[in-house]
Amino acid sequence: MDELKDGCREIGILDTKDIGELFESIDSDHNGSISYSEFLAATMDSKQFMKREVYWEAFRVFDLDQNGRITAKEFEQIMQNDGADFNLPAGVGNAKEIVAMFKEADMDGDGEIDFDEFCAMMAK
């Protein structure tokens, strides 16, 4: 903990309460030190968070009316107009292929893609 505080002071982070909370959240076995595996786990979690942020920005491109759900019409409109920007596999781009992609992403079959479904589609 002292080493973490010293390092944070060197880079200008002085709030020891926040540093203590950070340390506690990373020290999962509560032994007073951060092991290599705990450090990696904390790093992986932040990478996952950043990935979701990127997915959110992409989701917003498809969600034309910004209602938090992507309809088949919105999906088709973006894919047909801007599909080349998404590096689509060869042969993808016609209406039949786009409908198939939408149906695969719409895991609950409600006719819309929510953010969680979008993330699952992007992770494939």
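The values are calculated or read from the model by the stated rules, or taken from the named source; none is laboratory data. Because the structure is a prediction, the values reported are computed rather than measured. Cβ sites come from the backbone with ideal geometry, for glycine too, and all protein chains shown count toward neighbours.
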Test D65 against the stated conditions and say whether it is modelled with pLDDT of 90 or more, under 18 Å from A123 (Cα atoms) and either in a loop (DSSP other than H, G, I, E, B) or of a type in the set (V, I, T) (or both). no
Being polar (S, T, N, Q) and either in contact with a strand residue (DSSP E or B) (Cβ under 6 Å, 6 or more places away or on another chain) or surrounded by 13 or more Cβ atoms within 10 Å (Cβ to Cβ) (or both) is the filter here; which residues of region 34-55 pass it? S35
Checked region 52-69 for anything touching a Lys or Arg at 6+ places or on another chain (Cβ under 8 Å) and farther than 19 Å from Q80 by Cβ; matches are Q66
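Yes/no matrix, rows are residues, columns are (1) loosely packed, with under 13 Cβ neighbours inside 10 Å; (2) modelled with pLDDT of 90 or more; (3) more than 22 Å from the chain's Cα centre (by Cα):
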residue	(1), (2), (3)
D29	yes, no, yes
E57	yes, no, no
I78	no, no, no
D108	yes, yes, no
E117	no, yes, no
M122	no, no, no
Does region 18-27 hold any residues that are surrounded by 13 or more Cβ atoms within 10 Å (Cβ to Cβ) and outside any loop (DSSP other than H, G, I, E, B), and which are they? I19, G20, L22, F23, I26
